[in-house]
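Visitor: Starting off with a structure, shown below.
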Amino acid sequence: MTYNNIFLNTNNHITTITINRPNKLNALNIETIAELHEAFKTLENDRNTKVIIVTGSGEKAFVAGADISEFAHFNVNEGTKLAANGQKLLFDFVENLSKPVIAAVNGFALGGGLELAMACHFRIASANAKMGLPEVSLGVIPGYGGTQRLPQLIGKGRAMELIMSASMIDATQALNYGLVNHVTAQEELLPLCEKIANKIALNSSVAIRSAIKAINAHFKDGINGYDIEIQEFGNCFGSDDFAEGTTAFLQKRKADFPGE
Ligand code: COA
């Protein structure tokens, strides 16, 4: 498929998705969300991709939010549909992807941009990054999972303040809050993400898929995370990766995981 708003680059089993609408600070319109869905779906089944990095083009923005010009005239039904479709196609889809997704937050991550970063499995920011959920300043609330994922990541009181005040925090504050795992100079951002991705790519992709499922289970209503952990732990014993990982350890060599 050819994309109008994103580009993909695969190197050494790591695929970087760059959101590329620089004139709109990479704001997420409906077409970009559909393209991202397609890209994630394709990469999930691509044997050559073990880890995915998401970033924004240019030096100013990761993603400056949902595209305001697109939804400014929506009514109640259209607004509801926008949030529901977006959550299903992109934000929930990324969170539940079976391959690790790292957000490389290279500048403004606002509204839908921060929501996309929060849907990724973890986040690394450049020192110039600014993050916030400013939706109430537009008369709306975060609709792509922000009211749920922000309190999970930084705690209820901080999330309440950030959302109610529509303020932005800088990268240092985001690091303090645990919203991002690392902060680095802008030119070091992708190299650092790639370094961590390379380390992840050496491990069993089957076990990583199970770990993502078990960790996510903690945050799902009506699901007992410990039960999912038991189930996924057991499943690992049936994989070729498990046979290789344990055999390699006992033979005092590095494992070469088949990923099955
Ligand atoms: N939706 C649509 N267009 C957006 C956008 C968004 N979320 N964010 C930025 N843009 C567009 C601007 O309209 C502008 O387009 P123009 O050149 O055609 O006028 C272009 O991107 C550059 O943005 P600009 O505002 O001129 O840059 P800035 O450096 O002065 O300010 C921001 C940067 C991020 C502070 C500012 O763009 C902003 O507040 N964006 C909206 C953030 C937001 O509320 N997001 C939540 C949406 S739910």
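The values are calculated or read from the model by the stated rules, or taken from the named source; none is laboratory data. All of these numbers come straight from a predicted model, not from anything done at the bench. Cβ atoms come from the backbone with ideal geometry, glycine included; neighbour counts cover every protein chain shown. Surface accessibility is based on the protein's heavy atoms, side chains included, excluding ligands, DNA and RNA. Shrake-Rupley method; radii C 1.70, N 1.55, O 1.52, S 1.80 Å.
Visitor: Given K24/K88; K156/K220; K60/K156, which pairs have Cα atoms separated by over 21 Å? Working shown, then result.
Guide: Working: K24/K88 24 Å; K156/K220 17 Å; K60/K156 29 Å.
From the list (K24/K88; K156/K220; K60/K156), the Cα-Cα distance tops 21 Å for K24/K88; K60/K156.
Visitor: Let me cross-check T16: its accessible surface, 1.4 Å probe, with only protein heavy atoms counted, in Å² to the nearest 10?
Guide: 20
Visitor: On to the next question. Leaving ligands and nucleic acids out of the surface, order H73, H37, H13 by accessible area at 1.4 Å, largest first.
Guide: In descending accessible area the options line up as H73, H13, H37.
Visitor: Between T42 and T172, what length comes free when the chain is fully extended (0.36 nm per residue of separation minus the Cα-Cα distance, one decimal in nm)?
Guide: 43.3 nm
Visitor: For the chain, what does the helix formula give at 222 nm: sum of -39500 (n - 2.57) over DSSP H segments with n ≥ 4, over the residue count, nearest 500 deg cm²/dmol?
Guide: It lands at -13500 deg cm²/dmol.
Visitor: Still on this model: I want to verify a result. In a Gaussian network model of the chain, Cα cutoff 10 Å, which of these has the top mean-square fluctuation: F62, F122, F108?
Guide: F122
Visitor: Also: Using the heavy atoms of the protein chains alone and a 1.4 angstrom probe, what is the accessible area of region 72-174 per residue in square angstrom?
Guide: Details: 4310 Å² over 103 residues.
Value returned for region 72-174: 42 Å² of accessible area per residue.
Visitor: Treat every Asp and Glu Cβ in the chain as -1 and every Lys and Arg Cβ as +1, leave all other atoms uncharged, and give the resulting dipole magnitude about the Cα centre to the nearest 20 debye.
Guide: 400
Visitor: For K130, enumerate residues with amide H under 5 Å from its amide H, sequence gap 5+ or separate chain, H modeled in the peptide plane.
Guide: Hits under the 5 Å cutoff: G107, F108, A109.
Visitor: Longest span of the chain, sites excluded, free of trypsin sites (Lys or Arg not before Pro) in DSSP loop with at most 16 other C-beta atoms within 10 Å?
Guide: My reading of the result: 61-219 is the longest stretch.
Visitor: Let me ask you something else. Give the relative contact order (percent, whole number) for region 63-130; include only Cα pairs under 8 Å separated by 6+ residues.
Guide: 41
Visitor: Extent of region 6-201 along each principal axis, from alpha carbon coordinates, in Å, largest to smallest?
Guide: 45, 34, 30
Visitor: Also: For region 6-201, with all protein chains present and a 1.4 Å probe, just round the carbon and sulfur fraction of the accessible area to a whole percent. Write out the running numbers ahead of the final one.
Guide: Values: 4590 of 8720 Å².
C and S atoms contribute 53 percent here.
Visitor: Here is a follow-up. Dividing the convex hull volume of the Cα atoms of region 205-250 by its residue count, what figure in Å³ per residue is obtained?
Guide: Value for region 205-250: 61 Å³ per residue.
Visitor: Could I ask something else about it? Hey, in the GNM for the chain with a 10 angstrom Cα cutoff, which one of Y144, Y226, Y177 fluctuates hardest?
Guide: Between Y144, Y226, Y177, it is Y226 that shows the largest mean-square fluctuation.
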